[in-house]
Amino acid sequence: MIRCCLKWLLLLGISAGVTATQAVVLWSDLGTTLVHDTGAGFDVLGGAVKEDDASTNTLYFKVHVDPLSDASTEEYFAAFELYEGDKERLGIGNALKAWAYSAYRADATGQSHEGADYIDLHSSRPEPSTSGTSIIYENPHRGIECTIVFKVQYIPGDDDLVTVWLNPDLGPGATEAAQPENLITRFKAKATFNEIHLRHGGGGDGWIFNDMAIATSFGDLVAMNGNEIGMENRELGKGEPLFTFQSWRSEQGLPQDRVRALAQTSDGYLWVGTDDGVARFDGVRFVSYGLPEGLPSGPVRTLFGDSHGSLWIGSVGQGLIRWQGGHFTTFTTVDGLPSDSISALAEDDEGRLWIGTDAGLALWRNGQITSLKAAEEFKGKAVTALFKDHEGNMWLGATDAGVFKYRAGEFIPLADTATKELLQDPHSLLVDKQGRVWIGAGDDFVLCRDGEQWRPYRIPRHFARSYACALGEEPDGTVWAGSVSEGLLEFKEGKLVTINASSGLSDNAVESLLVDRDGNLWVGTEVGLNLLRQKNLFAYDQKQGLGYGAVDGLAEIAPGVIWAGKPGDGLYRWDGRNFSRLMSANLSIMGQQINTLLASRDGSCWVAGADGLLHFRNPMKTTDQAELFPLPGENIVSLCEDPGRGLWVGTREGQLWRLENQKWETQTNLLHAITAIVPGTNGAMWIGTEGDGVYEFRGGTRAHLDTGNGLLSDLIRALYLDAQGTLWIGTAGGGLSWWRHGHITTLTTREGLPDNTISEILEDGKGQLWLGSNRGINCVGKTELEELAAGKIPAVYPQVYGRAEGMLSEECSGGFCPAGLKSQSGQLWFPSLKGVVVVDPQVHLSRMPAPTVLLEEVLVDGVPSSGFQIVPPASGERTEKLEPAKSSNTVLKLGPGKHRIEFQYTSLGFDAPERIRFRYRLEGLDSDWVEAGNRRVAFYSYVPPGSYQFHVIACNADGLWNETGATLALTVSKFFWQTWWFLGLSALTLLALVVGVVRFAVKRRLQRRLQQLEQERALERERTRIAQDLHDEMGAKLCRISFLSEDARRNHHVSSELQHQIISISDASRDVLHSLDEIVWAVNPQNDTLEHVASYLGHYAQEYFQETGIECKVDIPERLPPYPLSSQLRHHLLLAVHEAFTNALKHSHASQISVFVVYDGAALEIVVSDNGDGFNPSVIDPAVADSRAATCNGLRNMSRRLADIGGRCLIESQMGRGVTIRFVLPLNQPVEKW
Amino acid sequence: MITVSIVDDEKGLRESIGKFIEGSPGFRCVSAYPSAETALKHLPQDRPDVVLMDIHLTGMSGIECVEHLKTMMPEIQVMMLTIYEDTDQIFRALSAGASGYVLKRSTPARLLEAIKDLKEGGSPMSSSIARKVVASFQTSGQIRDDKTNLSPREQMVLESMAKGLTYKQTADQLGISIDTIRTYVRRIYDKLHVQSRTEAVAKYLQH
């Protein structure tokens, strides 16, 4: 009896003690445990908690389940099972026969018979119903995790009351009572226990249990969920992987998908070993090296970059290959290697390369392969792992030998009884900064030796062989293991977290790991290369309980607690892990149409919808009464608090209202939907409208900004006034504009903005603007925008977050205010057409250094120039001081001719390579820097001969420039025919030639002319001679006749008749002489000038009319130039004149005749006019045979004669007025020059 | 009685002219020479009033002969005989000292007339000759004195002749008699001769 009482007291005491200590977590296991085919399993409690039949406590159990076996792998069972000793009591999970999440009870004997007695658990996310029957339970689905909370109210001596909540709301402020009914299952069962087993049996791969706890109240479990105020990252799902991966596959340029090995050389390049050769990566471009470059073909097993800048390639069966200075050198068994299959490489502090092969260890030093004496024991054994720790010690792992530390010439084995077998099968080795030794051993273990303690981690696996083939350590101490079938494993703070394809890893079969110099983690898998990135963008939608469709309003009602409004779907609340629908009776008043939300300064929250506002004074308690402020007929889309106590309300109809002290004051009607309101300075309010630009509203007066002022669109979507007073304006179709000091600058797709519709403008703590647009979220620095406005840069390069970063829909919703939310912890929330997107801008907090710049290749006419090599910096460490990448000190010399030159440069930055911007310049050709953006090639289609220097610099995403960059001197030689001396010489030669030719031509002409003249002269001389001879011969004799006849005449015995005859004879002979005289005169070349002709003419005229009775008047100009007239000319002219004289003499009956010679410089004119009868020119009839006809003939002759010599004959006459004959001879024929 | 001497290398002509002159009343042909050389040898003794000199002679030319003749016998009147009117030659002869010229083909009557004119102090001039004379006076050399300068009257006559006016026309124009014209022309020739001789001397002296 007393014993009973004591027992009771004890129990009371215990229970009192237990109950006295309210709100306590009795036991928890936050780690991950995979259970598969466990049979009865084993206890996880370790005696921490127990309840027996006498207990009256109430315990709350929580377990989180990630089922691998699911409905598709039935039949199976998996459970979190309470055991009392070896007796089964209550199992929660999935019963063998059950499909859904279920609980099963054991019978009185403690046997569950595979959960024969099972109860399906109610669920709030039941399976979709078919054929009308409503199913209220939920089947386990692989990939969809589930939290099960169950409460046991212990009743002494009887079955206990069990309440199970399937996926309850464990958000802040969640209570037991507030849980929806539809996820509660209640039954009675015997639940006394002192052990908890995690079990699985049957089909499938098992279940993963984590986050298990036992507490005394529901609130403890809620609190455990990380919902305390002030905790970091509470919004971003705890338990949700914070990582994402950037992947490269063959589509992105990776030469082969299988990344078997990874290494980084001292110049910064990343090297990837594939099934056939290696590829070099600079963050943007892969360059393959294989058989054509001299690398033996075959798969690469391991890669290593040594401290001298070489890359070592361990192949499968082709030996060890070294890449240095552009060519490959192979070492095989011939050179002393124990085997041609290389499995591990490392470098010790003495600069020796340790080579682990399939048949032992070898060393390489200064071109020689040697062996280590102490490594004799590994002969014939496969050395699978080599590592140099932070102190410089070498570690070795070999199959069937163990793991060893090399010290003082000896290999000291690691020993541990428990893991002895595992140590015989090491796959990978790592010694972290803290000195812990990590070994990937056996099929699925990672052993960690911390001091003397060994801690085995078992890899939760789906495949038989899932060993850790690679290990890596991040700068912050996180150790990573890559499993050949399970993906990545993160060991942090004693926990193992699997990160696999579901987080974005390209494939779960990891082959290699590398932590590069900047601390980035690279994962090479069977299908692709991955770079681990901290996830800073999270997209929440249905999976997080947000329901389907778009979100518009967002408000932070309490630190970390976000309300999201969905049009047509009501209000949801985010608790840090999930969204849940807010069931508030008040909301039903408003209907489901929520347009926007505003969290007020006083802690209350305004909800705007159709027809009015709902005011929640205490949003944390939604069950409280909310006040409705109706605005019938108006669709409220914008809300804003002014610095006073008023709430500004804008509607879709264009009405602007102010609500103060619960009274509506109408402000104005802008006729266009009011999509944005922000408070300005001095009590003004900036109002953005849809279709009419932006108004500054100041108690009635308004300034206006629209397309007239410089905006590109009048459809305003968002407004934001920053601390510097700049008003940022997001428009639909017109990009982003900003207004400052009365001046508007606009950024559109032309300047680098990905999309021209900006619906959200949020500023983070680093002066960057995050813009929600129709093409994702764009982040651009304000300083960059200032530079754009100042004209210093032509474009900006914003960081873009879209589907690739995890957004489900790239379109951000907008058209209401406030749009987007910056939470108190600094995260940025964007509403989109599919749920919400949360971005953590603080992820990239570390200041990126200025990027390195390397000149990779120079292509001349499309062919890589052989005279150019990249010389990597000698030291393996990257110095803080950026030295220009030394291209060969020699100058690149190009031969003469037209060359196309391509400079391929790069920057080795893996963080955000697409944001690295370049500028280059070919000094000597370019007058200024060429902005290349993120283009990595400079192209010159023609470089004239000369000396140049190519200079390229780069800046990173933060705008930090590496001004030294990379340079290369280059000369293009001239063709010999381009050199100055040749050109000069040829110019001179040309000149001389020209001159020579000209002179030759001149001379030739002169000569010809001379010849011609000579000929003419000869001819003339001949003529003259003939004439003269004639004249001389005949002249004298004729004269004689004249005198003889005169003498005869004088003879008195001669009759008068005879006298007459004699006179005739002498006259005739004188005539002959006269004619001869004329002929000779005409022919005489000395008489060939104008002067002579004129004077002869005068004389001739006088002589002709001497005895005729006609008075002849001659007028010749005093001075006549010695213009040359050819004999032909003279001849014709004289004959013509003679003809004129004859006419005048015979037919004119004139008494006077005048002969004028006129010369006006251009023509010679001889005018013969008489005062005779004249004639009527028109009456001349050639047929009439009289004097007129003769005149006519004569006239015709004259005309002909003049025409023959290029002149003309003009005849003027009038009856009774005499005849004037004008002979005109143009003398302007140019004197024939040479 | 006018005494005439003929210098011509054509025998037949020489004899015909000689006979003709002899047969003409008031004229007497005192000698006939076939060449300048023989003429120069004998003419100083003959002392005719007028010498009829052919321009073209074998050996020394008629022009040269005139020069020499005028040097030896300055007051002698030389009439050049020429078959055709070679203005240059005639001008040269006039410059050399001839006082006139006549064409061989002139009528014999004309010949006599010309000789008579010459004896009386006149000289024939054709427009061509006149022009040449004008040109010569304009371009004459350095030494210029009253002896060589033409008087205004002489200038006018020369110009008119150069223009082509006949003696008669010139006389009409200037209001003087033809004889006066002839006298002027003679003076012009004399000055021409002087001028040319002076030039020759000057040239000679220069060398």
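Some observations on this one:
For every residue, the table says whether it meets (1) at pLDDT 80 or above; (2) open to solvent by less than 20 Å² (accessible area, probe 1.4 Å).
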| residue | (1), (2) |
| --- | --- |
| A:872 | no, no |
| A:898 | no, no |
| A:903 | yes, yes |
| A:906 | yes, yes |
| A:921 | yes, no |
| A:926 | yes, no |
| A:954 | yes, yes |
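- Selection count, segment A:1117-1140, where residues are farther than 20 Å from residue A:1162 by Cβ and in a strand (DSSP E or B): 0
- Candidate set: segment B:84-100, residues that are within 14 Å of another protein chain (Cβ to nearest Cβ) and in contact (Cβ under 8 Å) with a residue 24 or more places away in the chain; chosen: the one surrounded by the most Cβ atoms within 10 Å (Cβ to Cβ): B:90
- Checking each residue in segment A:407-420 for being open to solvent by 30 Å² or more (accessible area, probe 1.4 Å) and touching a Phe, Trp or Tyr at 6+ places or on another chain (Cβ under 7 Å) picks out A:412, A:413, A:416, A:418.
- Scanning segment A:320-345 for residues being more than 16 Å from residue A:305 (Cα to Cα) and either at pLDDT 90 or above or in contact with a Gly (Cβ under 9 Å, 6 or more places away or on another chain) (or both) gives a total of 10.
- Residue check for residue A:400: outside any helix (DSSP H, G or I), acidic (Asp, Glu) and either more than 24 Å from residue A:515 (Cβ to Cβ) or without any contact (Cβ under 8 Å) to a residue 40 or more places away in the chain (or both): yes
- Scanning segment A:489-506 for residues that are in a loop (DSSP other than H, G, I, E, B) and more than 14 Å from residue A:33 (Cβ to Cβ) turns up A:493, A:500, A:504, A:505, A:506.
- Test: residue A:1048 is within 13 Å of chain B (Cβ to nearest Cβ), open to solvent by less than 90 Å² (accessible area, probe 1.4 Å) and either out of contact with any Ser or Thr (no Cβ under 7 Å at 6 or more places or on another chain) or within 16 Å of residue B:17 (Cα to Cα) (or both): yes
- Residues that are assigned to a loop (DSSP other than H, G, I, E, B) and in contact with an Asp or Glu (Cβ under 6 Å, 6 or more places away or on another chain) were ranked within segment A:760-793; the one that is most open to solvent (accessible area, probe 1.4 Å) is A:775.
- For residue A:504, the test of being in contact (Cβ under 8 Å) with a residue 40 or more places away in the chain and out of contact with any Ser or Thr (no Cβ under 8 Å at 6 or more places or on another chain) is failed.
- From the list A:1093, A:1080, A:1114, the one residue that fits, being part of a strand (DSSP E or B) and out of contact with any Cys (no Cβ under 7 Å at 6 or more places or on another chain), is A:1114.
- Set side by side, the residues A:1017, A:1025, A:1021 differ, and just one is out of contact with any helix residue (DSSP H, G or I) (no Cβ under 9 Å at 6 or more places or on another chain), farther than 19 Å from residue B:111 by Cβ and not acidic (Asp, Glu), which is A:1025.
- When residue B:107 is tested against the conditions (1) within 14 Å of another protein chain (Cβ to nearest Cβ); (2) touching a residue at least 40 places away in the same chain (Cβ under 8 Å), the lone failure is (2).
- Scoring residue A:1102 on the criteria (1) among the polar types (S, T, N, Q); (2) facing another protein chain (nearest Cβ under 8 Å); (3) touching a residue at least 24 places away in the same chain (Cβ under 8 Å) leaves a single failure, condition (3).
- Annotation for segment B:83-96: at least one member residue is touching a Cys at 6+ places or on another chain (Cβ under 8 Å) and at pLDDT 75 or above.
- For segment A:91-99, the criterion of a residue being farther than 30 Å from residue A:558 by Cα, in contact (Cβ under 8 Å) with a residue 40 or more places away in the chain and surrounded by fewer than 23 Cβ atoms within 10 Å (Cβ to Cβ) is satisfied by at least one position.
- Subset of segment A:45-77 [touching a residue at least 12 places away in the same chain (Cβ under 8 Å) and either in contact with a Leu (Cβ under 6 Å, 6 or more places away or on another chain) or on the phi > 0 side of the Ramachandran plot (or both)]: A:47, A:49, A:54, A:60, A:62, A:75, A:77
Yes/no matrix, rows are residues, columns are (1) surrounded by fewer than 20 Cβ atoms within 10 Å (Cβ to Cβ); (2) within 14 Å of another protein chain (Cβ to nearest Cβ); (3) modelled with pLDDT of 80 or more; (4) touching a Lys or Arg at 6+ places or on another chain (Cβ under 7 Å):
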| site | (1), (2), (3), (4) |
| --- | --- |
| B:111 | no, yes, yes, no |
| B:120 | yes, no, yes, no |
| B:128 | no, yes, no, no |
| B:132 | no, yes, no, no |
| B:140 | yes, no, no, no |
| B:161 | no, yes, no, no |
| B:170 | no, yes, yes, no |
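- Options A:1056, A:1064, A:1069, A:1095: the member that is at the interface with another protein chain (Cβ under 10 Å from one of its Cβ atoms) and within 30 Å of residue B:19 (Cα to Cα): A:1069
- Number of the condition not met by residue A:645 [criteria: (1) outside any loop (DSSP other than H, G, I, E, B); (2) within 22 Å of residue A:605 (Cα to Cα)]: (1)
- Leading residue by the ranking (surrounded by the fewest Cβ atoms within 10 Å (Cβ to Cβ)) among those in segment A:809-836 that are more than 17 Å from residue A:730 (Cα to Cα) and either polar (S, T, N, Q) or touching a Cys at 6+ places or on another chain (Cβ under 9 Å) (or both): A:824
- Being in contact with a strand residue (DSSP E or B) (Cβ under 7 Å, 6 or more places away or on another chain), assigned to a strand (DSSP E or B) and at pLDDT 90 or above is a description that does not apply to residue A:457.
- Complete set of residues in segment A:1105-1134 that are under 20 Å from residue A:1158 (Cβ atoms), open to solvent by 40 Å² or more (accessible area, probe 1.4 Å) and either at pLDDT below 80 or more than 8 Å from chain B (Cβ to nearest Cβ) (or both): A:1118, A:1119, A:1121, A:1122, A:1123, A:1124
- Among all residues of segment B:56-74, there is at least one that is more than 13 Å from the chain's Cα centre (by Cα), of a type outside the set (A, V, I, L, M, F, W, C) and open to solvent by less than 50 Å² (accessible area, probe 1.4 Å).
- Filter result for residue A:1086 (within 9 Å of chain B (Cβ to nearest Cβ), open to solvent by 60 Å² or more (accessible area, probe 1.4 Å), out of contact with any Phe, Trp or Tyr (no Cβ under 7 Å at 6 or more places or on another chain) and at pLDDT below 80): yes
- Residue in segment A:1038-1045 that is more than 9 Å from chain B (Cβ to nearest Cβ) and open to solvent by 60 Å² or more (accessible area, probe 1.4 Å) present: no
The values are calculated or read from the model by the stated rules, or taken from the named source; none is laboratory data. Note that this is a predicted model, so its numbers are computed, not measured. FYI the Cβ positions are ideal-geometry reconstructions off the backbone, even for glycines, and counts take in every protein chain you see. Surface accessibility is based on the protein's heavy atoms, side chains included, excluding ligands, DNA and RNA. Shrake-Rupley method; radii C 1.70, N 1.55, O 1.52, S 1.80 Å.
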